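Report on the following structure.
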Amino acid sequence: MTASRPKSESAFAQAKQVMPGGVNSPVRAFRAVGGSPFFADHGEGPYLYDIDGNRYIDYLLSWGPLIWGHAHPEIVRAVTEAAARGTSFGVPTELETEMAKQVIDLVPSMDVVRMVNSGTEATMSAIRLARAYTGRRYLVKFAGCYHGHADALLVKAGSGVATLGLPDSPGVPQETAQATLTLPYNDEAALRALFAARGEEIAAVIVEPVAGNMGCVPPVPGFLEALREVTRAAGALLIFDEVMTGFRVGLGGAQGRFGIDPDLTTLGKVIGAGLPVGAYGGKRDIMAAVAPEGPVYQAGTLSGNPLAMAGGLTSLRMLAEAAANGLYERLEAYGQRLADAFVAAGKKRGVPVSAHAIGGMFGLFFHGGPIRSADDTSQADKALYAKFFHALLDAGVSLAPSQLEAGFLSAVHTDDDIARTEEAITQAFDRL
Ligand SMILES: *Cc1c(COP(=O)(O)O)cnc(C)c1O
């Protein structure tokens, strides 16, 4: 039994007439949890209001970007002031240099950065650059990590460890997929075996340093260190895809938190404060290969867009200040409270559960754990999560509409929001 949302249901029926599946990004259609999506009317702080007049404490936060919650007055002011001066120029602005300086200042490994319009563009560009810089063909990724929808990254593992990749979507050419090798996440032995056999053919390893696209799965101790070591020894580049973790698991992202120095980093989500922004960057000598300084082509009509730069820059400056006052510790403590409430309720009911919380990310799994890889997360109980998700929605709490996605916290969630969510989590188990 789920609450009815007649206006949202009617809006979805109309949307399905004119957009594939009624949405502009597949996971919005609620396929993993059933039912139909609620349509947003507006957001304010940690709350999202649907067109049926319901209010939700929002832990989806537009899939991560909204670390300042919805419609933060300072971000809204920065964006509207920028809009009044012109929405795009096609010539450089000083704002872009300020934004680049701010990003470089916060992300430890980055010397030089290029702005793009999405996380997908960032990873796609970083891979092209890595292949060009090394003159090598193969890319290594990990099963369960998502890096956007570029052909080279829509690849699934073949049978056996580190076989040639197979297309994970019709339309991805076999040859493209075959240039991507897939390994299990958090498996140092498999990584070392692959590099021992083929290290010299590998252009780059791309990794979510804290996985957030198979639910939230932190790296096991030593995994990121091993990645840095084997790539460096083989002359391959290490790309940290921090589109989700950047400015979210800590001010300096996962690399700041774990003290790893990747060659290239990709950013998105939080960097744009809810506007379309991505970025890639890293070591000066590698980035010197990017056009027009070097031969590797990559461009964008709206890249470095003034509205996006104004919103992003304001958000990053606010984060730097808030981090000095314990923001990320507070977010992690809130995430841990939600994780603890989930695990305690599961234990009490005899339902196998496990949970992770790190910085402003958390993951709740209907699986007894430990959860370390896509093999583990794929064993989690999807039907139970679907019931849990709808029970929380009915109680005014919005989680990701799939267990294989992370939960997010914002700087504007209050102690009271967390307490009410703990209660909703506990009560949801009575309805499973
Ligand atoms: C969301 C995400 C992407 C893709 O970003 P888009 O802006 O959706 O294209 C890439 N990598 C990671 C780790 C992500 O979480």
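Quick grid of which residues meet (1) more than 24 Å from the chain's Cα centre (by Cα); (2) under 23 Å from Gly252 (Cα atoms); (3) without any contact (Cβ under 8 Å) to a residue 40 or more places away in the chain:
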| residue | (1), (2), (3) |
| --- | --- |
| Thr134 | yes, no, no |
| Ala150 | no, no, yes |
| Val155 | no, no, yes |
| Ala177 | no, no, yes |
| Asn186 | no, yes, no |
| Met214 | no, yes, no |
| Gly222 | no, yes, yes |
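Scanning the range 393-421 for residues that are more than 20 Å from the chain's Cα centre (by Cα), within 27 Å of Gly246 (Cβ to Cβ) and not in a loop (DSSP other than H, G, I, E, B) turns up Val397, Asp415, Asp417, Ile418, Thr421.
So which residues in the range 143-152 are out of contact with any Phe, Trp or Tyr (no Cβ under 8 Å at 6 or more places or on another chain) and more than 8 Å from the ligand (Cβ to nearest atom), if there are any at all?
Ala150, Asp151, Ala152
Listed residues Ala126, Ala130, Ala122; which is closer than 28 Å to Asp376 by Cβ, more than 9 Å from the ligand (Cβ to nearest atom) and either assigned by TED's automatic domain parsing to the domain that holds Met214 or among the aromatic types (Phe, Trp, Tyr) (or both)? Only one candidate qualifies: Ala126.
Taken over the range 42-56, the criterion of being within 20 Å of Phe408 (Cβ to Cβ) and among the charged types (D, E, K, R) is satisfied by Glu44, Asp50, Arg55. Every test in (1) on the phi > 0 side of the Ramachandran plot; (2) touching an Asp or Glu at 6+ places or on another chain (Cβ under 6 Å) is passed by Ala341 save one, and that test is (1). The set of residues from the range 169-187 being crowded, with 16+ Cβ neighbours inside 10 Å and not β-branched (Val, Ile, Thr) comprises Ala177, Gln178, Ala179, Leu181, Leu183, Pro184, Tyr185, Asn186, Asp187. Residues in the range 1-10 that are part of a helix (DSSP H, G or I) and in contact (Cβ under 8 Å) with a residue 40 or more places away in the chain: Pro6, Lys7, Ser8.
Kindly indicate whether any position in the range 82-101 is in contact (Cβ under 8 Å) with a residue 12 or more places away in the chain, touching a Ser or Thr at 6+ places or on another chain (Cβ under 7 Å) and buried (at least 20 other Cβ atoms within 10 Å of the Cβ). No.
Have a look at Val140, Val112 and point out the one that is touching a residue at least 40 places away in the same chain (Cβ under 8 Å) and more than 16 Å from the ligand (Cβ to nearest atom).
Working: Val140 fails: more than 16 Å from the ligand (Cβ to nearest atom).
After ruling out the rest, the residue left standing is Val112.
Find the strands (runs of 3 or more DSSP E) located wholly in the range 11-92 whose residues include 1 or more that are small (Gly, Ala, Ser), and list them.
On the way: elements: 40-44, 47-50, 55-58.
Where strands (runs of 3 or more DSSP E) fall fully within the range 11-92 and carry at least 1 residues being small (Gly, Ala, Ser), they are 40-44.
Residues of the range 48-68 that are under 16 Å from Asp394 (Cβ atoms), more than 16 Å from the ligand (Cβ to nearest atom) and of a type outside the set (D, E, K, R): Leu48, Tyr49, Gly53, Asn54, Tyr56, Ile57.
The lone criterion from (1) surrounded by fewer than 24 Cβ atoms within 10 Å (Cβ to Cβ); (2) free of Cβ contacts under 8 Å to residues at least 40 places away in the same chain left unmet by Leu238 is number (1). Contact map, the range 56-67: first residue buried (at least 24 other Cβ atoms within 10 Å of the Cβ), second residue basic (Lys, Arg) and at pLDDT below 95, Cβ cut-off under 8 Å, separation 6 or more or different chains; the map is empty. Criterion first (out of contact with any Leu (no Cβ under 8 Å at 6 or more places or on another chain), part of a strand (DSSP E or B) and of a type in the set (Gly, Ala, Ser)) does Gly368 satisfy it? So Gly368 does not fit the description; no. From the list Ala204, Ala189, Ala193, the lone residue that is at pLDDT 95 or above and within 15 Å of the ligand (Cβ to nearest atom) is Ala204. Screening Asp261 on (1) part of a loop (DSSP other than H, G, I, E, B); (2) within 16 Å of the ligand (Cβ to nearest atom); (3) touching a residue at least 60 places away in the same chain (Cβ under 8 Å) shows it passes everything except condition (2).
Every test in (1) in the same structural domain as Gly312 (by TED's automatic domain parsing); (2) surrounded by 14 or more Cβ atoms within 10 Å (Cβ to Cβ); (3) out of contact with any Leu (no Cβ under 6 Å at 6 or more places or on another chain) is passed by Pro46 save one, and that test is (1).
What residue, among those in the range 207-258 that are among the β-branched types (Val, Ile, Thr) and away from the ligand (no atom under 11 Å from the Cβ), is nearest to Pro65 (Cα to Cα)?
Going through the range 207-258, the residues among the β-branched types (Val, Ile, Thr) turn out to be 207, 210, 217, 220, 230-231, 239, 243, 245, 249.
Narrowing further to those that are away from the ligand (no atom under 11 Å from the Cβ): 217, 220, 230-231, 249.
Values: Val217: 19, Val220: 25, Val230: 32, Thr231: 30, Val249: 12 Å.
Out of the qualifying residues, it is Val249.
When you scan the range 312-325, do you find a residue that is among the small types (Gly, Ala, Ser), in the same structural domain as Ser125 (by TED's automatic domain parsing), surrounded by 16 or more Cβ atoms within 10 Å (Cβ to Cβ) and farther than 18 Å from Gly359 by Cβ, even just one? Scanning the range 312-325 turns up at least one residue that is among the small types (Gly, Ala, Ser), in the same structural domain as Ser125 (by TED's automatic domain parsing), surrounded by 16 or more Cβ atoms within 10 Å (Cβ to Cβ) and farther than 18 Å from Gly359 by Cβ. Counting only residues that are farther than 21 Å from Ala323 by Cα, among the aliphatic types (A, V, I, L, M) and under 23 Å from the mean Cα position of the chain (by Cα), the range 43-75 holds 3 of them.
The values are calculated or read from the model by the stated rules, or taken from the named source; none is laboratory data. Keep in mind that this is a model prediction, so the values were computed, not measured. Glycine also receives a Cβ, built like all others from the backbone with ideal geometry; neighbour counts cover every protein chain displayed.
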